[in-house]
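All remarks here apply to the structure that follows.
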Amino acid sequence: MKISVLVALLLVLTLTAGTAAAQQAPFNEVGVTMGHWHIASKDVEANKKLFLAMGGKLYTPGGNPLIMFPGVLINLNLGNEKGEGGTQGSVVNHVGFIVNNVQQRVAQWKAAGVRVLPGTNNRLDQAFVETPDGVRIEILEDKTQSMPVRNEHVHFFIPENEIPKAQAWYAKTFGGKPGTRNNAPVVDLPGVQLRFNKADAKQAPTRGRVLDHIGFDVKDHEAFVKKIQAEGIKLDEPVRKSPTGSTITYITDPWGTRIEIVQRAPLGPQVQQP
């Protein structure tokens, strides 16, 4: 009887872990997929409430709150650090979700207490959400998608003459596919599109802002680190194990975006909300 119970429990845990892993896009040819945004929240509970109201799922690896959306994980705290300054004004100007119906989602989120800003020129297929401490999230629409909401993009603002270099750097470093969207350069990676917009002035680095860094998950950390070091990229710190068992290190792109490289340990079970 005890053996049967144990087997059943292991099966449940395996299925739970598989469901969590399935929320991220498959790795590309160089073993990369979109990983996370890491927010140094001033008010963790306020941010948790907002992202859960928008349809995220809560996990607590290592006791820290983490919100999952299809295509991205959102860490809500960075130790005891509190970020200063929202995304606007930094090299990562905003991030973006895509939904199946903007007006339906806006009505749903507002009813749950989320403050939603209108789209540019009152576009009905666009809206914006800002976290209480200034992370700006663009909301766009794809009526053909089956899920209510998923991760879509990270939007960099950098000097115009640097944009071709940035597009080439991200394509080479992470095995992305360069292209265009609305005549603007992009790089497509599993789970995310990286978009580049011209800034009139150099923007602040992300380190120390509320959105301190973005992260990419890798299939083989050692192999990926060897690859980027061979390409001349220096690590910000030695490779180490996090308290949750993930293997991590950091790099910073030439324009000031801090990037975590993660081979992720299992998240554990989803925390069911009352």
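The values are calculated or read from the model by the stated rules, or taken from the named source; none is laboratory data. What you see is a predicted model; the values in this text were computed from it and never measured. Methodologically, a virtual Cβ is constructed for each residue, glycine included, from the backbone with ideal geometry; neighbour enumeration extends over all protein chains shown. Quick note on the areas: whole protein, heavy atoms, side chains included, nothing else; ligands and nucleic acids left out. Shrake-Rupley method; radii C 1.70, N 1.55, O 1.52, S 1.80 Å.
Could you report the chain's accessible area per residue, 1.4 Å probe, as an integer in Å²? Accessible area per residue: 48 Å². Whole-Hz Karplus values for region 241-250 come out as 8, 7, x, 8, x, 6, 9, 9, 7, 10 Hz, taken residue by residue from phi with 6.51 cos²θ - 1.76 cosθ + 1.60 and θ = phi - 60°; glycine and proline positions read x. Normalised by residue number, the volume inside the convex hull of the Cα atoms of region 224-265 is 67 Å³ per residue.
Taken over the C-alpha atoms, region 59-175 has Rg and Dmax values of 15.9, 44 angstrom.
Sorting the segments 96-108, 150-162, 219-231 by their residues' average number of neighbouring beta-carbon atoms within 10 angstrom, most packed first, yields 150-162, 96-108, 219-231.
Beta bridges from DSSP with both residues in region 139-264: antiparallel share about 60 percent, rounded to the nearest 5. Note on Lys42 and Lys198: their simple-model spin labels are 3.4 nm apart, each label 7 Å out from Cα toward Cβ.
Need one number: the % of Cα-Cα pairs in region 137-274 sitting beyond the 20 Å mark.
55 percent
Of all DSSP-defined beta bridges confined to region 17-91, some 65% are antiparallel rather than parallel. Taking θ as phi - 60° and the Karplus parameters 6.51, -1.76 and 1.60, the scalar couplings of region 93-100 work out to 5, 6, 10, x, 10, 10, 10, 7 Hz in sequence order, x denoting glycine and proline.
At a 1.4 Å probe, what is the % contribution of carbon and sulfur to the accessible area of region 137-274? About 52 percent, which is the carbon plus sulfur part of the accessible surface.
Between Ser242 and Gln88, how high is the FRET efficiency from 1/(1 + (r/R0)^6) when r is the Cβ-Cβ distance and R₀ = 25 Å? Nearest 0.05. Computed FRET efficiency for Ser242 and Gln88 comes out at 0.30. Of the peptides 80-90, 63-73, 119-129, the ranking by mean beta-carbon count within 10 Å, highest at the top, reads 63-73, 80-90, 119-129. For the chain, the Kirkwood estimate of hydrodynamic radius, built from reciprocal distances between every pair of different alpha carbons, is 19.4 Å. Karplus-based coupling profile of region 228-240, in residue order and whole Hz: 6, 5, 5, 8, x, 8, 9, 6, 6, 7, x, 4, 8, with θ = phi - 60° in 6.51 cos²θ - 1.76 cosθ + 1.60 and x standing for Gly or Pro.
Ratio of region 33-127's C-alpha Rg to 2.2 N^0.38 Å, to two decimals?
1.14
Pairs exceeding a 21 Å alpha-carbon distance, out of Lys48/Lys241; Lys82/Lys241; Lys48/Lys110; Lys82/Lys172; Lys198/Lys226; Lys82/Lys219: Lys48/Lys241; Lys82/Lys241; Lys82/Lys172; Lys198/Lys226; Lys82/Lys219. A 1.4 Å probe over all protein chains sorts Asp200, Asp253, Asp236 by accessible area into Asp200, Asp236, Asp253, starting with the largest.
Peptides 264-270, 209-215, ordered by how many other C-beta atoms sit within 10 Å of their residues on average, highest first, read 209-215, 264-270. Under the definition of Cα pairs under 8 Å and six or more residues apart, what whole-number percent is the relative contact order of the chain? Over the chain, the number comes to 23 percent.
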